[in-house]
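One structure is given below, encoded as structure tokens.
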Amino acid sequence: MNKEAEPDIDASGYKRTAGAGIHALFAPKELGDFTVTWRTVSISFMAVILGVICAGVAALLKAMIGFITNLAYYHRISTALVSPTHMGLGWWSVPIPIVGGLIVGLMAKYGSEQIRGHGIPEAMETILIGGSKVQPRLAVLKPISSAIAIGAGGPFGAEGPIILTGGAVGSVFGQFFRLSAAERKTLLVAGAAAGMAATFNAPVASVLLAVEILLFEWKPRSLVPVALASASATLVTRTFVSSALLFPETHYPTLQFTGLLAAAVAGILAGGLGWLLTLGVYGAEDAFRKLPIHWMWWPAIAGILVGVVGVFVPRALGVGYDTIGAELSGSLPLQLLVGFLIAKAVIWCVALGSGTSGGILAPILLIGGALGSLEGAIFPGHSIGLWALIGMSAALAGAARMPLTGVIFALELTGAFNALLPLLVACVLSYLFSTLVLKRSILTEKVARRGHHVSHEYAVDPLEALKVSEVMRKVTALKVVEPEMSLNRLNDLLRTDSAFWEQRLYPVVTTSGKLVGVISRTDALAVENNSNADNSQSDHSNQVSKNGKNDKNDKNSRAQRVVGDVMRRDIVVAYEDETLRTVAARMVSENIWLLPVVEHDHPQQLLGLISQRELLSARGHLLAEERRREQVLRIIRAGWKRTKATLEEETRETPKEEAVGETVR
């Protein structure tokens, strides 16, 4: 408990008051709904600047993709974002994806292996274990490699690379300032959201994507900067690029009851599609791992399949925004949709499994839209485009586990707000199906394969819901000692009283009930051991020293030492009305795992003791709420009477449930 340099403010935001000894306590602030501070304002200003930068980065990446696509497939110089659909090269187009895959493989081997993959899992891993520190070279290599892979016909979207590139820019930007890991994470995610917002002109969906898969929290300190970055990127894009919707819809009908039932079926089917796509991607990755060649060559091998399939189904190549638009307008023939659905799914799974650089959102939208278009041939509403939209958003919700993003994304892309209700039904049921049949999503599976667990279930911390007074060991159940107690007596109690031994920390209280210090079991035993060692040396000195009388006096003095001589007076305490989360943060920051509990108004009035065991009891409360089932209300038919046996049964049940609660506590 003694510290050479005490911090002015601990991790939980509690300031130390002036003074020493028992008065060096923490003065708690008033509890609030949020832990936001004025620091969020400065981070928000940084995020706005970052949003402007990332809007430019997104525009540059799309221009690079357009340049390479035009050069490779149309042999012209242009930065317009086009599709290889109308290239007319035939079999001469096969080498293009192969060469693109080879270049990406070389860049990954000799530049940075982190450019492999679709970007979002890499961003998640950086946030979870990398302290949100991205290598600056990744901000350069990732967009270039992605532009080459997609421009050469890779069946990917630009959003994944833009998300990782924006995140890399945000992380590098934050590394120039003195920030915490949590603040760097906020800027990383702000950059990622800004990149997506600039790409799709969808600011709200970009913020929701950040919340659902990247932030791992729901707090004002991160939500506000991310939202402002997304808004500023969208503003720049709408001002200097285009303010139009990416896929403006013509007019979709409003579905009624039967249409909502069909939307539920579509959602379940889309969840199944997400399941198959996840198995396909990682099945392909497992197959590539079995090849007896270096992973650098895998993208080129996948490029062979991409090139051959592209000869027969050229719409399967590239980003495919034009195909998404055709699906939403319902202008694609059903026969073409069947072939496109199979071809796009196969080459995307194989190419992504090879470890090349490309995104997942646009391909999932394309594949889900093809499924929805096929469903539109039999589902009510007489609008193939509407069902394509539902299939797109539901596939995204199921495969990537982003139900709210799926709904809002579809609305922001098309402006079809009358489709809100069927979109909501389809997305949440797809999400439910996916979470039931798959432990991990297409995003988190890659992170899990690298040995890291990701959870996206947000809940109120049980440590935040309970107060110290609800779980502490009350003073009546504690072993306390007085300052005048001899150390010999204390050590005798440690040897003979098991309750004393198990407590580990003993508050030192005067006869008037005032807390003046603490002594730990370790300190008491250390004093006894030192005394024994000193006594042994003194006995040896008595045999050879002429001044044996003084040695005996010293020995007697040591034997008469009391608790007050060795107790610790600089006490770190907990207050009875603090949350357990506050106390847990204090324990970690002070490296102390047992704290006396005192009153606010009377800081020397001991109320109890709290340790890690009591903190874990909060988890017991949560488990009891989740697992214990009970019927609170009973329906009694008219004319029925409570029998004596029924009353006795209810009487027996009540104390049994209360006893369980006490045991958990």
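The values are calculated or read from the model by the stated rules, or taken from the named source; none is laboratory data. Everything numeric here is computed off the predicted structure, so don't read it as measured data. Glycine also receives a Cβ, built like all others from the backbone with ideal geometry; neighbour counts cover every protein chain displayed.
Values computed for the structure shown
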item	result
From Gly359, Gly303, residue being touching a residue at least 12 places away in the same chain (Cβ under 8 Å), in contact with a strand residue (DSSP E or B) (Cβ under 6 Å, 6 or more places away or on another chain) and buried (at least 23 other Cβ atoms within 10 Å of the Cβ)	Gly359
Hey, Gly51 small (Gly, Ala, Ser), outside any helix (DSSP H, G or I) and more than 18 Å from Gly160 (Cβ to Cβ) or not	no
Condition check for Trp348: closer than 24 Å to Leu429 by Cα, buried (at least 20 other Cβ atoms within 10 Å of the Cβ) and not charged (D, E, K, R)	no
Residues satisfying the stated conditions in region 481-518, i.e. in contact with a Leu (Cβ under 9 Å, 6 or more places away or on another chain) and closer than 19 Å to Ile592 by Cα	Trp501, Gln503, Arg504, Leu505, Tyr506, Pro507, Val508, Leu515, Val518
Qualifying residue in region 370-384 (condition: exposed (fewer than 15 other Cβ atoms within 10 Å of the Cβ) and of a type in the set (S, T, N, Q))	no
Selection status of Ala585, at pLDDT below 85, in a helix (DSSP H, G or I), among the small types (Gly, Ala, Ser) and surrounded by 12 or more Cβ atoms within 10 Å (Cβ to Cβ)	no
Those residues of region 377-402 which are in contact with a Cys (Cβ under 9 Å, 6 or more places away or on another chain) and assigned to a helix (DSSP H, G or I), in sequence order	Ile390, Ser393, Ala394, Leu396, Ala397, Gly398
Filter result for Ala287 (surrounded by 23 or more Cβ atoms within 10 Å (Cβ to Cβ) and closer than 23 Å to Gly117 by Cα)	no
Number of the exception - Leu336 against (1) closer than 27 Å to Ile268 by Cα; (2) touching a residue at least 60 places away in the same chain (Cβ under 8 Å)	(2)
So Thr17, is it surrounded by fewer than 19 Cβ atoms within 10 Å (Cβ to Cβ), modelled with pLDDT of 50 or more and of a type in the set (Val, Ile, Thr)	no
Region 608-660, residues that are modelled with pLDDT of 55 or more and of a type in the set (Val, Ile, Thr)	Ile610, Val632, Ile635, Ile636
Subset of region 232-261 that is in contact with a Ser or Thr (Cβ under 7 Å, 6 or more places away or on another chain) and exposed (fewer than 15 other Cβ atoms within 10 Å of the Cβ) - its residue that is modelled with the highest pLDDT	Pro253
Sole residue being among the acidic types (Asp, Glu) and crowded, with 24+ Cβ neighbours inside 10 Å, chosen from Glu183, Glu159	Glu159
Which listed residue is touching a helix residue (DSSP H, G or I) at 6+ places or on another chain (Cβ under 8 Å) and either of a type in the set (A, V, I, L, M) or at pLDDT below 90 (or both), from Glu113, Glu30, Glu125	Glu125
Check on Thr414, over 30 Å from Glu625 (Cα atoms) and polar (S, T, N, Q)	yes
Where Ala397 falls short, out of the listed (1) closer than 22 Å to Ser83 by Cα; (2) in contact with a Pro (Cβ under 7 Å, 6 or more places away or on another chain); (3) buried (at least 24 other Cβ atoms within 10 Å of the Cβ)	(1)
Verdict on Ala448 being surrounded by fewer than 17 Cβ atoms within 10 Å (Cβ to Cβ), without any contact (Cβ under 8 Å) to a residue 12 or more places away in the chain, under 19 Å from Val211 (Cβ atoms) and out of contact with any helix residue (DSSP H, G or I) (no Cβ under 6 Å at 6 or more places or on another chain)	no
Qualifying residues in region 463-480 (those that are touching a Leu at 6+ places or on another chain (Cβ under 6 Å) and not charged (D, E, K, R)) - the one farthest from Asp577 (Cα to Cα)	Leu478
Search result, residues across region 148-195 that are part of a loop (DSSP other than H, G, I, E, B) and over 27 Å from Ser78 (Cα atoms)	Phe176, Phe177, Arg178, Leu179, Ser180
Hey, Val518 closer than 14 Å to Arg568 by Cα and out of contact with any helix residue (DSSP H, G or I) (no Cβ under 9 Å at 6 or more places or on another chain) or not	yes
Filtered residues of region 617-630 (kept if within 23 Å of Ala574 (Cβ to Cβ) and either loosely packed, with under 13 Cβ neighbours inside 10 Å or aromatic (Phe, Trp, Tyr) (or both))	Arg619
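Residues checked against (1) within 19 Å of Ser354 (Cβ to Cβ); (2) in contact (Cβ under 8 Å) with a residue 40 or more places away in the chain; (3) of a type in the set (Val, Ile, Thr):
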{"site": "Leu50", "(1), (2), (3)": "no, yes, no"}
{"site": "Ala59", "(1), (2), (3)": "no, yes, no"}
{"site": "Ser83", "(1), (2), (3)": "no, yes, no"}
{"site": "Ser112", "(1), (2), (3)": "yes, no, no"}
{"site": "Gly153", "(1), (2), (3)": "yes, yes, no"}
